[in-house]
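The values are calculated or read from the model by the stated rules, or taken from the named source; none is laboratory data. Computed from a prediction, not measured in an experiment: that's the story for all the values here. Glycine also receives a Cβ, built like all others from the backbone with ideal geometry; neighbour counts cover every protein chain displayed.
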Amino acid sequence: MMMPVLIALHLLAAVVWVGGMFFAYLCLRPVAATQLELSQRLPLWSETFQLFFVWVWVAVILLIVTGHSMIAQLGGMASVGLHVHLMLASGYLMIGLFMHVFFVPYKRLKRTTAEHNWPEASRHLNQIRRIVAINLILGILIIAIAAAGRYGF
């Protein structure tokens, strides 16, 4: 009875995180880059990340708790398929990359944006952009592994 709740929460957390990155990277970023000056674009990103990262932290916690709970209910790591091992390893890589973004370039982006140091803030935003691109690719791959893995991965 608990497994359907765990799966639903796990999937919702993944949708929030990966979907948010997809929207930010492929929809908001190109428009903001062509429509807004740095003095407008950088505060937009700083404040958008401030809101989005709250949801990413919630998603990360849910993904860890629900993922490990499902593995435990299935009998532990020795009882799950290769696809679960790949999802777990890739998921922790994504979490590590997110934590780096949050604690390093994002903190610097907030500070330099508040100081109106647009060239430096732009540099930090570019670092975030590159890492988000990697995490987006990883997230999409994990979704593909999750969808196909139980059928013989």
For this session: Check whether at least one residue in the range 101-115 is at pLDDT 95 or above, closer than 18 Å to V16 by Cα and not charged (D, E, K, R), and report yes or no.
Result: yes
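From the list L86, L138, L63, exactly one residue is surrounded by 13 or more Cβ atoms within 10 Å (Cβ to Cβ), touching a Ser or Thr at 6+ places or on another chain (Cβ under 6 Å) and not hydroxyl-bearing (S, T, Y). Which is it? Let's see the steps before the verdict.
Numbers: L86 fails: touching a Ser or Thr at 6+ places or on another chain (Cβ under 6 Å); L63 fails: touching a Ser or Thr at 6+ places or on another chain (Cβ under 6 Å).
Unique residue meeting the criteria: L138.
I'd like to check something: does the range 34-53 contain any residue that is at pLDDT 95 or above and over 22 Å from R123 (Cβ atoms)?
Looking only at the range 34-53, we keep the residues that are at pLDDT 95 or above, and these are 34-53.
Of the ones still in play, those that are also over 22 Å from R123 (Cβ atoms) are 51.
Yes, there is a match, as at least one residue in the range 34-53 is at pLDDT 95 or above and over 22 Å from R123 (Cβ atoms).
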Exercise. Among A8, A13, which is small (G, A, S), at pLDDT 95 or above and either buried (at least 18 other Cβ atoms within 10 Å of the Cβ) or farther than 18 Å from I142 by Cβ (or both)?
Worked result: A13
Exercise. Quick check: is even one residue across the range 45-56 of a type outside the set (V, I, T) and in contact with a Ser or Thr (Cβ under 6 Å, 6 or more places away or on another chain)?
Worked result: yes
